[in-house]
Amino acid sequence: MTDGFKVNSIRKDFPILSQTVNGKPLVYLDNAATSQKPQCVIDSLSNYYQTVNSNVHRGVHTLSQLATDDYEAARSKIRSFINAGSDQEIIYTRGTTESINLVAYSFGVQNIRSGDEIIISGMEHHSNIVPWQLLCEQTGAVLRIIPITDSGELDINQYGALLSDKTKLVSVVHQSNALGTINSVKEITAMAHSLGAVVLVDGAQSAPHMKVDVQDIGCDFFAFSGHKLYGPTGIGVLYGKSEVLDNMVPYQSGGEMIKSVTFDKTIFNVLPHKFEAGTPDIAGAIGLGAAIDYVNDIGLDAINSYESELLAYGTAKLEQIASLRIIGTSSHKGAVLSFTLGDIHPHDIGTILDSEGIAIRTGHHCAQPVMERYGIPATARASMSFYNTKEEIDTLVTGIDRVLEVFS
Amino acid sequence: MSSNSELQFDGIYDDLIMDHYRNPRNRNPISKPHIEHSDWNPFCGDEVSVTIGINKYDRISGICVVAEGCSILQASASIMSVLLSDQKIADVLAFFEDFKYMMDTSCLSSSTEVSPEIAALRTIRKYPVRVKCVMLPWVTIRDAVKSYLS
Ligand SMILES: Cc1ncc(COP(=O)(O)O)c(C=O)c1O
């Protein structure tokens, strides 16, 4: 493996990885669903509750100030992590799903009219399909879908053909959770912008694994989840360009998001607080900040090149299994191996691997249109992270041999 | 197939289950069925369709259960079709309740005497997430019979 990538010492940072499951050492290959947490993230949560816990942006007392400082420091870390222009462009949400819903309900309801068009792709997670379907139902807009090629890439020519002056919004996934494909979101954004459409990039799967620069991509919105980025559950991010966010109406209302309230008139607070009604997940935000520090310490370039090696190793190994078919074979993909095994149902694969201590995901991965595209009900999916090893992939291969033995 | 006893894992894929999976019984369409019903599990895409013919004694004279999904689902569907053949249609509901009780993961004891087929399905309780695969054909037929009788 990559010289200098100290996977064995990295693994020690993740207490859960030293467990046994069903009597076997845990082989955790379900990172696209959620990632494990390093000790420093776990510590940051308990440290917050033990020493700082207090509400943010409200009190004059010391703890409230400390909590606010830590909470806002995490926002700065997130800004720099994705290279946003300013902290006020970073809105805390519960996760990718809520970030997308925020845009659909606030920007969408305000700007999308009957006859307008919204473009998404055929490889979206349900969370980047359903909010747009509902918005279309509500407004009379039309949803258009960029088709997928056999290797699992977006058909850019078809995308160009779908774009028109009716297109008001384009929302695409950066890295597909079901196929692993990494889409050229910079090009997709530029094409949409040339027609005046606004672009959202679903970065749930990309932010944990590659350097993201939202200004370089040029997108108007970028959404991701803390829990897939080695941070806690319940916290996520919506990045939005400030000029776009400024013109949007609040998504939820209550405390924190207002500047002044009388019974005649409410003046909304400034960004980002305008979109952060109510007491937020303070501990979660601080924990996400700790996760970002951790990832930065290892370095996303090192992570990315190590994970690429794991992918190449895993792909080569799985390709040797005659009845195994990898779904998603783009040359530009993240460390995700989605596959079918003859006519053995993925649930059967998952159960037998589980009995070997191997955790993979089986099913449609909340991306049913992708399954339909390939004419399959489901896949088995091994998704890797920088704490996985070549040996674990060997264990997966042995597990698959076991499945074949049972079903031979 | 290699003998499962060689395999180290707590096998739910025993010979009986695998036999019903590989050679599912009662998959031939029934002509002029009295009951037709299908259901699916939206989380995993498993699908079951049931057609039943009933004779003048109110007994099941023909049953066809088609299941699309994992081996456990297909084996459960096949076993159910065998166990319910010739049963009185009104008894299906009680049969369902008994079966549901036996599959209850909170009572893991295997004290009740049951047929080898039911015993094989019961081992699946060790994998609680897979119990829904076992149950889908049964829930489908319960709903089918319920609406026929009402
Ligand atoms: C590509 C993609 N988008 C969106 C989501 C939804 O993320 P969350 O459930 O954290 O809101 C996921 C999670 O699986 C995903 O993989």
Residues within the range A:167-187 that are under 12 Å from the mean Cα position of the chain (by Cα) and more than 16 Å from the ligand (Cβ to nearest atom), tallied: 0
Residue match in the range A:41-59 (condition: open to solvent by 20 Å² or more (accessible area, probe 1.4 Å), over 21 Å from A:G255 (Cβ atoms) and not in a helix (DSSP H, G or I)): no
The range A:367-378: number of residues that are within 11 Å of another protein chain (Cβ to nearest Cβ) and within 16 Å of the ligand (Cβ to nearest atom): 3
All positions within the range A:209-264 that are of a type in the set (D, E, K, R) and in contact (Cβ under 8 Å) with a residue 60 or more places away in the chain: A:K211, A:D213, A:D216, A:K228, A:K241, A:E256
Residue that is farthest from B:V139 (Cα to Cα) [pool: residues in the range B:13-57 that are assigned to a strand (DSSP E or B) and hydroxyl-bearing (S, T, Y)]: B:T51
Index of the failed condition, B:M18 passing every other in (1) within 14 Å of chain A (Cβ to nearest Cβ); (2) open to solvent by 40 Å² or more (accessible area, probe 1.4 Å): (2)
Meets criteria (part of a helix (DSSP H, G or I), touching a helix residue (DSSP H, G or I) at 6+ places or on another chain (Cβ under 7 Å) and more than 14 Å from chain B (Cβ to nearest Cβ)) for A:S35: no
Residue check, B:V145 open to solvent by less than 70 Å² (accessible area, probe 1.4 Å) and assigned to a helix (DSSP H, G or I): yes
Residue that is more than 9 Å from chain B (Cβ to nearest Cβ) and open to solvent by 10 Å² or more (accessible area, probe 1.4 Å), where the choices are A:G342, A:G357: A:G342
Pairs, first touching a residue at least 12 places away in the same chain (Cβ under 8 Å) in the range A:129-147, second part of a helix (DSSP H, G or I) and open to solvent by 70 Å² or more (accessible area, probe 1.4 Å), C-beta under 7 Å, six or more apart: A:L143/A:Q133; A:I146/A:Q158; A:P147/A:Q158
A:D264 open to solvent by 20 Å² or more (accessible area, probe 1.4 Å), under 25 Å from the mean Cα position of the chain (by Cα) and of a type in the set (D, E, K, R): no
Only listed residue being more than 16 Å from the ligand (Cβ to nearest atom) and either within 30 Å of A:W132 (Cα to Cα) or at pLDDT 95 or above (or both), chosen from A:V21, A:V56, A:V60, A:V52: A:V52
Residue ranges of strands (runs of 3 or more DSSP E) in the range A:223-288 with at least 1 members at pLDDT 95 or above and in contact with a strand residue (DSSP E or B) (Cβ under 8 Å, 6 or more places away or on another chain): A:236-240
A:A67 being surrounded by 20 or more Cβ atoms within 10 Å (Cβ to Cβ), out of contact with any Asp or Glu (no Cβ under 7 Å at 6 or more places or on another chain) and not polar (S, T, N, Q): yes
Qualifying position, being within 16 Å of the ligand (Cβ to nearest atom) and more than 19 Å from A:I100 (Cβ to Cβ), among A:Y239, A:Y230, A:Y251: A:Y230
Scan of the range A:341-366 for residues that are more than 16 Å from the ligand (Cβ to nearest atom) and among the hydroxyl-bearing types (S, T, Y), ordered by number: A:T351, A:S355
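The values are calculated or read from the model by the stated rules, or taken from the named source; none is laboratory data. These numbers were taken from a predicted model, which means no experiment stands behind them. Neighbour counts run over all protein chains shown; Cβ positions are idealised from the backbone, glycine included. To get the accessible areas, we keep the full protein, side chains included, count just its heavy atoms, and leave off ligands, DNA and RNA. Shrake-Rupley method; radii C 1.70, N 1.55, O 1.52, S 1.80 Å.
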